[in-house]
1. What accessible area per residue comes out for the stretch 18-82, rounded to a whole number of Å², with a 1.4 Å probe?
2. Relative contact order of the chain: what whole-number percent is it, with Cα pairs under 8 angstrom and at least 6 residues apart?
3. Using the Cα atoms of the chain, I'd like the radius of gyration and the largest Cα-Cα distance, Dmax, both in angstrom.
4. Of LEU68, SER55, LEU25, which is farthest on the positive side of the dipole of the chain, counting Cα position, with +1 on Lys and Arg Cβ, -1 on Asp and Glu Cβ, and the Cα centre as origin?
5. Give me the aspartates and glutamates in straight-line cross-link reach of LYS26: C-alpha distance below 20 Å, same-chain residues under 8 apart excluded.
6. Give me the percent of accessible area attributable to carbon and sulfur for the chain, probe 1.4 angstrom.
7. I'd like the Karplus ³J(HN,Hα) series for the stretch 21-38: coefficients 6.51, -1.76, 1.60, θ = phi - 60°, whole numbers in Hz, and an x wherever there's a Gly or Pro.
8. In deg cm²/dmol and to the nearest 500, what is the mean residue ellipticity at 222 nm of the chain if only DSSP H runs of at least 4 residues count, each as -39500 (n - 2.57), divided by the residue total?
Amino acid sequence: MENVFISLILILIGGLNLFYAIRFLKNPKFGMDYIKNSPKTYLLRKIFGEEKAYSITRKVFIPIGIILGLVFILLGLGLLLNI
């Protein structure tokens, strides 16, 4: 029973991760708002500036997020199906 809950949590986290990563790629305004307001990007903003931080996030961190989102979904499905 606990495998079902863990798998559903993994699928939910992976789905949210994919949703926001794809939203960042498709909507540049959302991406710039994220860079300007997120405390997670504070250091990137201070070191490189907002435009370069946006570029780094778009080229490096978003593909990592997409891959991790897919991995979480696949792990969740594997646990759910007992593979």
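The values are calculated or read from the model by the stated rules, or taken from the named source; none is laboratory data. Keep in mind that what you see is a predicted model, and the values were worked out from it rather than measured. Every residue, glycine among them, receives a Cβ derived from its backbone with ideal geometry; neighbour counts consider all protein chains shown. Accessible surface areas use protein heavy atoms only, side chains included; no ligands, DNA or RNA. Shrake-Rupley method; radii C 1.70, N 1.55, O 1.52, S 1.80 Å.
1. Accessible surface, normalised per residue, equals 70 Å².
2. 56
3. Expressed in Å, the Cα Rg and Dmax of the chain come to 15.5, 48.
4. Farthest along the dipole direction, towards plus: SER55.
5. Partners found: GLU50, GLU51.
6. Carbon and sulfur together cover 72 percent of it.
7. Rounded to whole hertz, the list is 5, 5, 5, 4, 6, 7, 10, x, 5, 4, x, 5, 5, 5, 5, 6, 10, 7.
8. Mean residue ellipticity, 222 nm, calculated: -26000 deg cm²/dmol.
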